[in-house]
Every structure is written in structure tokens, then in C-alpha cells.
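Data block below; observations after.
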């Protein structure tokens, strides 16, 4: 009886260890912490939109673009046949466009919403995209434009990225690491300064769905300033390394 109790307790602790949730907390950048309820009236917002978009050219990029880029993983899986890492994510973009700034004291408006098709957007792309025909696999969520000229865009996306999987037939299998590599498609580092959102060297996993097949074991983001032999200018990119392994049969 005592042996049964000990084995039951051990199994319970083992299961808790193997299946525990990984939770973290992230803060909004300080320059985006404003009272978003201060929106003025519909008439005020219409007048403001008319003013800031009157001569706005969304094809022309802003001066001195300083882009902060982050990734929130909602769900992931792997396709062993195609050797791809399948992920549902929320991308986080924050940049400044001084052409969109205004004096909030004039209209009591600190932030407005707009269609992403109304503004210039950075062309950050998944370099190791396994579906090149699906170049922009993201939803058309609104952008938030702040009176300071800051723009926040958080579109939901589904990515399929190449990953060299090394599965075995063992119950747990080895740890796998898949990398998602993001960088601008047409802008070099002198024209678009790429950095990590909120200076976080990892993906946001606080809203990740519980995965019955895989346990997340590692989460790291690395900024790389790449130089090519052909060119003097840098081409920065960000690697998100996501490590995981198959859960034991006890977690099914």
C-alpha cells in the first residue's frame, strides 16, 4: 500500500513537471502607455484624419525609421513530412512616422485607429518562409496611431517556416530547435533600424495555447547585424529560436 502511494505521488509530480505551463509577463513600451480612452468626438477624429492624411504618401517611407519588432506565439506544430515549423503568432511592430503626429491638446485625442492600408508599413518578412507564394500571411488588423507619431501594428499571422527536424522513434525524442528569421525585404540597416520590441530577447509566450504533443523548452531572440561581401551597408535581422520536444505518453 505504501509503495502504491509513493508511486502514485511520484507519477503525479512527474506529470506536473512535464505538463506545467510556461508563463511570462511583458510590459507595453513606455512611450505607448497613454490614456487610449481620450479619443475626442467622431467629428474631431474626422477632422484630424483629414488633416494628417491630406498630403500623406504611404509609398514613401518616413525619415529615420526605428522599428521595434516582436513575436507572440499563440500556437505551434510541426509538419514532419514537409520539415516545417507551423506557427500562429501575433507580430508586434512599433515605429515612428512624424508625418502622422499632431498636438493632442488641440483636439483631446491621443490615439486613433486606421486601416493598415492607409499608412506606410515596414516590409519585414520571414526569410525562411516555406510558402513563398504566400508572401504576407497576416490579417489586416487596424494600426494604432499615437499623437507622437508612433505607430503600433499587431497583425495575427500564420507562418510556415523551414526547420531541420531530427525526430527519432523514442517516446520523448530529442529536443528540436526551429528558427524563424525576420528582416526587411528591401531596406538596409541605414534606412530601417531594426530592433527588438521592448528590448525583449525572446518571444512572448504568455498567451500560448496548451500543446498536447510538444513541450516548449527554449525561447530566444537574437538580433544580428549582417554584412554581405557585395555591400557596405548592414542588413539586420532577428532570429527567434524556439526549442521543444515531444511530451511523454503520460501527457497525452
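The values are calculated or read from the model by the stated rules, or taken from the named source; none is laboratory data. Please read these numbers as outputs of a predicted model, since none were measured by experiment. We place every Cβ from the backbone using ideal geometry, glycine too, and count neighbours over all the protein chains shown.
Details
- Count of residues meeting criterion [at pLDDT below 95 and over 24 Å from the mean Cα position of the chain (by Cα)] in the range 81-102: 1
- Criterion (under 21 Å from residue 219 (Cβ atoms) and surrounded by 13 or more Cβ atoms within 10 Å (Cβ to Cβ)) met by exactly one of 71, 48: 71
- Counted residues, the range 176-201 - those being in a loop (DSSP other than H, G, I, E, B) and in contact (Cβ under 8 Å) with a residue 40 or more places away in the chain: 8
- Residue-level analysis places residue 131 among those that are surrounded by fewer than 17 Cβ atoms within 10 Å (Cβ to Cβ), free of Cβ contacts under 8 Å to residues at least 60 places away in the same chain, under 20 Å from residue 90 (Cβ atoms) and in contact with a strand residue (DSSP E or B) (Cβ under 9 Å, 6 or more places away or on another chain).
- Any hit, the range 190-197, residues being surrounded by fewer than 18 Cβ atoms within 10 Å (Cβ to Cβ) and more than 16 Å from residue 70 (Cα to Cα): yes
- Some residue of the range 89-98 being surrounded by fewer than 18 Cβ atoms within 10 Å (Cβ to Cβ) and part of a loop (DSSP other than H, G, I, E, B): no
- Those residues of the range 67-83 which are within 21 Å of residue 138 (Cβ to Cβ) and not in a strand (DSSP E or B), in sequence order: 82
- Counted residues, the range 99-128 - those being under 17 Å from residue 184 (Cα atoms) and part of a strand (DSSP E or B): 3
- Qualifying residue in the range 42-65 (condition: within 25 Å of residue 206 (Cα to Cα), in contact with a strand residue (DSSP E or B) (Cβ under 6 Å, 6 or more places away or on another chain) and in a strand (DSSP E or B)): no
- Qualifying residue in the range 152-174 (condition: touching a strand residue (DSSP E or B) at 6+ places or on another chain (Cβ under 7 Å), under 27 Å from residue 64 (Cα atoms), surrounded by fewer than 18 Cβ atoms within 10 Å (Cβ to Cβ) and free of Cβ contacts under 8 Å to residues at least 60 places away in the same chain): no
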